[in-house]
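The next block holds one structure in the form of structure tokens; read it before the comments.
Values quoted throughout were computed directly from the atomic coordinates according to the rules given, and no laboratory measurement underlies them. Just so you know, these numbers come straight off a predicted model, no measurement behind them. Ideal geometry is used to build each Cβ from the backbone, glycine not excepted, and the neighbour counts take in all protein chains shown.
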Amino acid sequence: MRIPPAMAAPFDFLPLFVIQRAVGLVFAQVMARHPALLDRLGDHGAKRYGFLPTDLPLSFVVEPSIPMISVLRRSVPVTTDAAIEGPLYLLLALLEGKYDADALFFSRDLSVTGDMEAMLALRNALDDCDIDLPLDLGAMAGPFGPLVTRAVGYVREQALLEEAPAWN
Amino acid sequence: MELICPAGTPSAFHEAVNAGADAVYCGFRDETNARNFPGLNFSRDELAQSIAYARSKEVMTFVAINTFMRAGKEALWYGAVDDAVRLGADALILADFGLMAYTAERHPQARLHVSVQASASNADAVNFLVEAFGAKRVVLPRILTIPDIAKLAKKISCEIEVFVFGGLCVMAEGRCSLSSYVTGKSPNMNGVCSPASHVHYRQDGKDLVSELGDFTINRFPAGEAAGYPTLCKGRFDVGDSSGYAFEDPASLDVMAHIDALREAGVSALKIEGRQRGKAYVAEVVSTLRKTLAAGPLERPALMSRLHLLSEGQRTTSGAYEKRWR
């Protein structure tokens, strides 16, 4: 599942600070709810990781030990220790451990560059910390939490269902 | 036959238990196990919690302490054995004879399994380990045919465990020096084959180029399934030809032969893959569990689900069905 160009286009015009604010809140929530991530990352927590969705005109740079996430226009070159590139839904699925990263590498759906030791540590740390985006987002939505959890969960379910045949 | 399943993290451990493992094998977060990759493996607390969870589901936990001790640093390996026993591991998977001797002497009640890394592949070698250290099971190297295994089973006095699915080595477990030759680190001594610290990927036009140290290992054109950046799976120019000099990037799958393995005297079927994600563990363990319960005609369709999860998106029966001899 790729984000259609028509849906991705508005991100070219949306002010970066708005996207940064929204993404930063989600990132802070995830880091706060999964402290074990940093322990498993060890020294690699201080590295800079690039997440480059191929279907969005944006790049995300994560520095776990700070913790900080920076959003940049895709046209702006990013300096990272390691980077992973692929469709957004696959990057999110990896974040949650829904897909096996090696299998996505074999199939060439994802590509990785830079410090592979850091990338491997991040992959393994994410895989262990049971991130559940619907629950994590719901937890920051106050009284609307259950609604948000259900809505995000529905979107995730549809995305995974759509891709399921690829594994058979 | 028991299904022995891999776990590189506590989360993968839970998936393996929930998907139908009879036993889960795992290792400590250090050089004592042959999957010493960054971000992987278990702290002592994590192992204790995982063993407790497995016990609650009547599943066993095997702890792999299967690298070879370094002179002067034996305490790291001895400590791993002491802790695994203290935490309640159901078996220790060992490769180093010195560590087996330590375990047999200090923890005679501990169940000792001979790791594939020990390369015990004939009756004399296996029986020596049974007699000297009380080994209860041997994990056979992936160099034997099924008739070879059947002949061996009649001559040894311990259980046999064999790999049936997952990553396939160059078939010289415990003795392979390819990674060490290029990087100075090996699975045998450091727990890492082709360590990530020495791996680089780059795009060259539409080709994906993988490099290990100073060597180009492979070049995958657009659309071709990729493999691991190990020397044994490298594509090289040899004389006038170019191709896979050692072996193709493919994973092992001998689930089509489980009846023959049972008849040969095999007690346990092992899945490789402690370095893989929990999604892989859940999918492979549940599929193999269903396949074990299915009839021979249903098995190929069930196992075909796993091709895309395999290295190079291909599988092979390897030496179990040695057609090249």
* Enumerate the calculated ³J(HN,Hα) couplings along segment B:53-59 in order (Karplus 6.51 cos²θ - 1.76 cosθ + 1.60, θ = phi - 60°), each rounded to whole Hz, writing x wherever the residue is Gly or Pro. => 5, 4, 4, 5, 10, 6, 10
* Would you work out the relative contact order for chain A, in percent, from Cα pairs under 8 angstrom that are 6 or more residues apart? => 22
* Asked: Which residues in segment A:114-155 have a backbone N closer than 14 Å to a point placed 7 Å from the Cα of A:A22 along the Cα-to-Cβ line?
  -> A:152
* To do: Among B:C232, B:F13, B:S177, flag the residue with its Cα farthest along the positive direction of the charge dipole of chain B, charges on Cβ as +1 for Lys/Arg and -1 for Asp/Glu.
  => B:F13
* Structure fact -> Note on segment B:31-173: contact order normalised by length, alpha-carbon pairs under 8 Å, 6 or more apart, percent, works out to 18
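Plugging the Kirkwood radius over Cα pairs into Stokes-Einstein for segment A:5-130, at a temperature of 4 °C and a viscosity of 1.567 mPa s, what D comes out in µm²/s? Don't jump to the answer; show the numbers that get you there.
Numbers: Rh = 14.9 Å.
Reported coefficient: 87 µm²/s.
Starting with the fewest neighbours, write out B:E311, B:E131, B:E247 ranked by other beta-carbon atoms found within 10 Å of each beta-carbon. Walk me through the numbers before you get to the answer.
Working: B:E311 24, B:E131 10, B:E247 17.
Final ranking by Cβ density, sparse to dense: B:E131, B:E247, B:E311.
Given a Förster distance of 51 Å, report the FRET efficiency between B:A52 and A:A9 from their Cβ-Cβ distance, rounded to the nearest 0.05. All intermediate terms of the calculation are to be shown ahead of the outcome.
Numbers: r = 52 Å, r/R0 = 1.02.
According to the calculation, E is roughly 0.50.
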* Structure fact -> Sequence order, segment A:43-49: Karplus ³J(HN,Hα) from phi using 6.51 cos²θ - 1.76 cosθ + 1.60, θ = phi - 60°, Hz rounded, Gly and Pro as x, gives 5, 6, x, 8, 7, 9, 10
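Assuming a viscosity of 0.890 mPa s and a temperature of 25 °C, what translational diffusion coefficient in µm² per second does Stokes-Einstein assign to the protein assembly as shown, Rh being the Kirkwood radius over Cα pairs? Let's see the in-between values first.
Working: Rh = 23.7 Å.
For the chosen part, D equals 104 µm²/s.
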* Structure fact -> Note on segment A:78-168: alpha-carbon gyration tensor, axes a ≥ b ≥ c; rule is a/c under 1.5 for rounded, else prolate if a/b larger than b/c, else oblate; result oblate
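Holding the Cα-Cα limit at 22 Å, pick out from B:K73/B:K136; B:K57/B:K154; B:K136/B:K290; B:K73/B:K185; A:K47/B:K233; B:K136/B:K270 the pairs that are longer than that. Before the final figure, lay out each step's value.
Values: B:K73/B:K136 27 Å; B:K57/B:K154 34 Å; B:K136/B:K290 28 Å; B:K73/B:K185 16 Å; A:K47/B:K233 30 Å; B:K136/B:K270 16 Å.
From the list (B:K73/B:K136; B:K57/B:K154; B:K136/B:K290; B:K73/B:K185; A:K47/B:K233; B:K136/B:K270), the Cα-Cα distance tops 22 Å for B:K73/B:K136; B:K57/B:K154; B:K136/B:K290; A:K47/B:K233.
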* By a straight-distance test (C-alpha under 15 Å), which aspartates and glutamates pair with A:K98 as possible cross-link partners, with residues fewer than eight away in the same chain excluded? -> A:D109, A:D127, A:D128, A:D130, A:D132, A:E157, A:E162, A:E163, B:E15, B:E283
* Structure fact -> Once B:H307 and B:K73 are pulled to full extension, the length gained, defined as 0.36 nm per residue separation minus their Cα-Cα distance, is 80.1 nm
* Asked: What is the percent of Cα-Cα separations in chain B that go past 32 Å?
  -> 26
* When N counts the residues of segment B:75-214, how does its alpha-carbon radius of gyration compare numerically with 2.2 N^0.38 Å, as a ratio? -> 1.25
* To do: Could you go through segment B:114-120 in sequence order and give the Karplus-derived ³J(HN,Hα) for each residue, using 6.51 cos²θ - 1.76 cosθ + 1.60 with θ = phi - 60°, rounded to whole Hz, and x for Gly and Pro?
  => 7, 5, 4, 5, 7, 6, 7
* Structure fact -> With Cα springs under 10 Å, the Gaussian network model of chain B assigns the largest mean-square fluctuation among B:V238, B:V170, B:V285 to B:V238
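May I ask you to derive the relative contact order of chain B, considering only C-alpha pairs under 8 Å and at least 6 residues apart, and to give it as an integer percent?
On the way: 666 pairs, mean separation 65.9, N = 325.
So the answer I get is 20 percent.
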